[in-house]
Amino acid sequence: MRDTHAAAAAALRSAGALVVTAGAGMGVDSGLPDFRGDQGFWKAYPPYERLGLSFVDAANPVHFERDAAFGWGFYGHRARLYRETTPHAGFALLLRWSQRLGLPCFVVTSNVDGQFQKAGFAEEQVLEVHGSIHHLQCTEPCCGTIWRNGEDVPVDEASMRARRIPRCIRCHGVARPNILMFGDGAWLSSRTEAQALRFEEWLAERGEERLVILELGAGTAVPTIRWHSERLGARPGATLVRVNPREPDVRPPHLSIPSGALEALEGIDASLDSAPPLTRGRDARDERP
């Protein structure tokens, strides 16, 4: 993979901007579960195996309507897990590259964990396509209000039931995370839509600059991030670098790295360190091999 790391590093040195597209695999090196398949989900949450429930079953908005303690058992536990997790060193590498190479950077992620912001990425640099566990909305919903999640929900881990239910700040009904769940017709998308608008404006500002799209840990089961990556990779002069240990395939001239996110980022960083920096900006497009 050393040659591919070097090719990715060369693309970064000659790029005008960087888009990081990230799926659940980005969090694995931080110790977060990726819920890959029923066995992966049950390994992270054994009580659901006893109940015969999959991730799709657990991540369903119907629980907040019918049994809010059960719905908040899953999401309350996850919110606490994400708050307690330290982003792995790969996040810092991405920030360092952006600063060192003078690369404007934007993150597009299906992860709801807020790890990019926790690692130091500015709110206005992130598009969370499936929403965020760190924001809440009314389950009904009674209104279009989305607010920050300051709730600490205690959970009985034997039954995965919450001991307290967060309430809507307007109607005092059951609140829920502002996350797009499976079969979800009540998700309030206005926050994500505003992020998407900022991202499209950011892309328009890039003009004809060459993009590097660095896709990290995005699978095919829910291909939202892959769709974004391939859309951006179709731009003239763009390079898509797909990092995935199990599903790394991508069409040439794009690059495939069959590894975990942190391993790939460290490999690319080593290649960046071993070569002299190139001149940044639009004129650097002609320096790309």
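The values are calculated or read from the model by the stated rules, or taken from the named source; none is laboratory data. Predicted model only: the values in this text are computed from it and were never measured. Please note: Cβ atoms are built from the backbone with ideal geometry, for glycine as well, and neighbour counts cover all protein chains shown.
Data for the structure
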{"read-out": "Looking only at region 37-77, and only at residues there that are part of a helix (DSSP H, G or I), hydrophobic (A, V, I, L, M, F, W, C) and closer than 20 Å to Gly131 by Cα, the one that is farthest from the chain's Cα centre (by Cα)", "value": "Ala68"}
{"read-out": "Where a residue in region 34-52 is more than 21 Å from Thr220 (Cβ to Cβ) and acidic (Asp, Glu) and its partner, wherever it lies, is modelled with pLDDT under 90 and surrounded by 13 or more Cβ atoms within 10 Å (Cβ to Cβ), with Cβ under 6 Å and at least six apart", "value": "Glu49/Trp42"}
{"read-out": "Candidates Leu95, Leu81, filtered to the one that is out of contact with any Phe, Trp or Tyr (no Cβ under 8 Å at 6 or more places or on another chain) and assigned to a helix (DSSP H, G or I)", "value": "Leu81"}
{"read-out": "Residue pairs meeting the criteria (Cβ under 7 Å; at least 6 apart or on separate chains; first part of a helix (DSSP H, G or I), in region 196-209; second at pLDDT 95 or above and surrounded by 15 or more Cβ atoms within 10 Å (Cβ to Cβ))", "value": "Ala196/Leu127; Phe199/Phe106; Phe199/Val108; Phe199/Leu127; Trp202/Phe106; Arg206/Gly16; Arg206/Ala17"}
{"read-out": "Selection count where residues are closer than 15 Å to Ser110 by Cα and free of Cβ contacts under 8 Å to residues at least 60 places away in the same chain, scope region 176-195", "value": "4"}
{"read-out": "The listed residue being modelled with pLDDT under 95, farther than 27 Å from Ala59 by Cβ and not hydrophobic (A, V, I, L, M, F, W, C), out of Arg251, Arg235", "value": "Arg251"}
{"read-out": "Matching residues, region 29-60, being at pLDDT below 85 and either of a type in the set (Lys, Arg) or touching a Ser or Thr at 6+ places or on another chain (Cβ under 8 Å) (or both)", "value": "Arg36, Asp38"}
{"read-out": "Residue that is farther than 18 Å from Leu262 by Cβ and either among the small types (Gly, Ala, Ser) or without any contact (Cβ under 8 Å) to a residue 24 or more places away in the chain (or both), where the choices are Gly114, Gly120, Gly90", "value": "Gly114"}
{"read-out": "The lone exception for His63 - which of (1) without any contact (Cβ under 8 Å) to a residue 12 or more places away in the chain; (2) out of contact with any helix residue (DSSP H, G or I) (no Cβ under 8 Å at 6 or more places or on another chain); (3) crowded, with 20+ Cβ neighbours inside 10 Å it fails", "value": "(2)"}
{"read-out": "Residue selected from region 1-23 under the condition assigned to a helix (DSSP H, G or I) and touching a Leu at 6+ places or on another chain (Cβ under 8 Å), by the criterion farthest from Leu103 (Cα to Cα)", "value": "Thr4"}
{"read-out": "Matching residues in region 198-232 - criterion: being of a type in the set (A, V, I, L, M, F, W, C), surrounded by fewer than 22 Cβ atoms within 10 Å (Cβ to Cβ) and at pLDDT 95 or above", "value": "Phe199, Trp202, Leu203, Ala204, Trp227, Leu232"}
{"read-out": "Any hit, region 171-191, residues being polar (S, T, N, Q) and out of contact with any helix residue (DSSP H, G or I) (no Cβ under 8 Å at 6 or more places or on another chain)", "value": "yes"}
{"read-out": "Given (1) out of contact with any strand residue (DSSP E or B) (no Cβ under 8 Å at 6 or more places or on another chain); (2) closer than 21 Å to Leu203 by Cα, number of the condition His63 does not satisfy", "value": "(2)"}
